[in-house]
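As structure tokens, the structure follows; a few thoughts come after it.
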């Protein structure tokens, strides 16, 4: 989130706790991950709509992709420059995974 703010990403909101079922969710059960969503459509636009598709073809849509890539790159740099951050990520991942197993 800090990197999103640093890069002036549009309409920054707190992370969602639940986002529905995705293949990426299956991957994140095995390794830590993050889903970065960059605003480029009007609020309330369904992600499976013609409006969403059309906005994806615009300059704003392309800028959103570049902003997301920069956020990911900055985050990787943070992890490489701060080894303790990687340990924090691993610990949080293990804790959340253990908690998920307890619920099932």
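The values are calculated or read from the model by the stated rules, or taken from the named source; none is laboratory data. All of these numbers come straight from a predicted model, not from anything done at the bench. Quick reminder, even Gly has a Cβ in these numbers, built from the backbone with ideal geometry, and neighbours come from all protein chains shown.
Overview of results
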| quantity | calculated |
| --- | --- |
| Meets criteria (modelled with pLDDT of 95 or more, surrounded by fewer than 13 Cβ atoms within 10 Å (Cβ to Cβ) and assigned to a helix (DSSP H, G or I)) for residue 100 | no |
| Within region 3-36, considering residues that are more than 25 Å from residue 99 (Cβ to Cβ) and outside any loop (DSSP other than H, G, I, E, B), the one farthest from the chain's Cα centre (by Cα) | 6 |
| Whichever residue in region 43-85 is surrounded by fewer than 14 Cβ atoms within 10 Å (Cβ to Cβ) and touching a residue at least 12 places away in the same chain (Cβ under 8 Å) and, among such residues, is farthest from the chain's Cα centre (by Cα) | 58 |
| Boolean, residue 39 is assigned to a loop (DSSP other than H, G, I, E, B) and more than 11 Å from the chain's Cα centre (by Cα) | yes |
| Within region 6-42, tally of residues that are on the phi > 0 side of the Ramachandran plot and surrounded by 11 or more Cβ atoms within 10 Å (Cβ to Cβ) | 0 |
